[in-house]
1. Based on Cα coordinates alone, diagonalise the gyration tensor for the chain, multiply each eigenvalue by 5, take square roots, and list the semi-axes in whole Å, largest first.
2. Starting with the fewest neighbours, write out 34, 144 ranked by other beta-carbon atoms found within 10 Å of each beta-carbon.
3. Compute the helix-to-body angle for 146-157: its Cα long axis versus the longest principal axis of the chain, expressed 0 to 90° and rounded to tens.
4. At residue 65 and residue 170, where each label point lies 7 Å from the Cα along Cα→Cβ, what is the point-to-point distance in nanometres?
5. Can you compute the label reach from residue 117? Point 7 Å from Cα along the Cβ direction, backbone N cut-off under 12 Å, restricted to the range 202-242.
6. Between residue 47 and residue 142, what is the label-to-label distance in nm when each label sits 7 Å out along the Cα-to-Cβ direction?
7. Let a ≥ b ≥ c be the square roots of the eigenvalues of the Cα gyration tensor of the range 14-64; is it rounded (a/c under 1.5), or, if not, prolate (a/b larger than b/c) or oblate?
8. Quick check on the range 88-172: take the gyration tensor over C-alpha atoms, sort the square-rooted eigenvalues as a ≥ b ≥ c, and tell me if it's rounded (a/c under 1.5), prolate or oblate.
Ligand SMILES: [Zn+2]
């Protein structure tokens, strides 16, 4: 994202009232820079009960084992993934703008709203945040990696965290959007590797960071690379599940 684009946006904010990205109404104060309190109310949050492993929400009351059928099958390499939002409605629309309409700054607004949930703050506290990498050609096209931007936004807000871009995507993968569970897993299995300079410390807790968790295949593949590199404590977090 060019520096002048950020400056231009800052100047526009000085002269024109900002509109909430969800309600489209002018706003003065908000949960985030472009997210009003009313807009934040419309983001669909995930509440308990949810899958202990991938954060998938269960509808209604459930007792006993809190593992969803998908995690029984996948055996993810991450211990626990936490996602504050469902990838529906306004959340999905904002992430779409971040990824495909050159508005990476909206990540900061989702992070501000996400961290109103103390569970996410606790999940990240003291962790080394490892963003899911993009293939260099994709990052060049987009101009930024939204997962890296997300990791930095979380790091600024949660004490005792650090950002460590330890992974690289060495093989481009076709878009996951239209693939089924098994195909997604095959698609990403060998796509990620450790950067040659990466150093893994077995005593650190790593949290792999991505914008959306759909089947968990990407976060699983990244967690697996970290474990193969010597990591023993690997969790994951994504803004949205679905
Ligand atoms: Zn699950």
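Just so you know, all these numbers are worked out from the coordinates, no wet-lab data involved. Worth saying up front: this structure is predicted, and the values here are computed from it rather than measured. Please note: Cβ atoms are built from the backbone with ideal geometry, for glycine as well, and neighbour counts cover all protein chains shown.
1. On the way: eigenvalues 161, 97, 59 Å².
Rounded to whole Å, the semi-axes are 28, 22, 17.
2. Going from least to most buried by this count: 144, 34.
3. 80
4. 3.6
5. Correct set: 213, 237-242.
6. 3.2
7. Working: a/c = 5.00, a/b = 3.71, b/c = 1.35.
Here the range 14-64 falls in the prolate category.
8. On the way: a/c = 2.37, a/b = 1.22, b/c = 1.95.
In terms of gyration-tensor shape, oblate.
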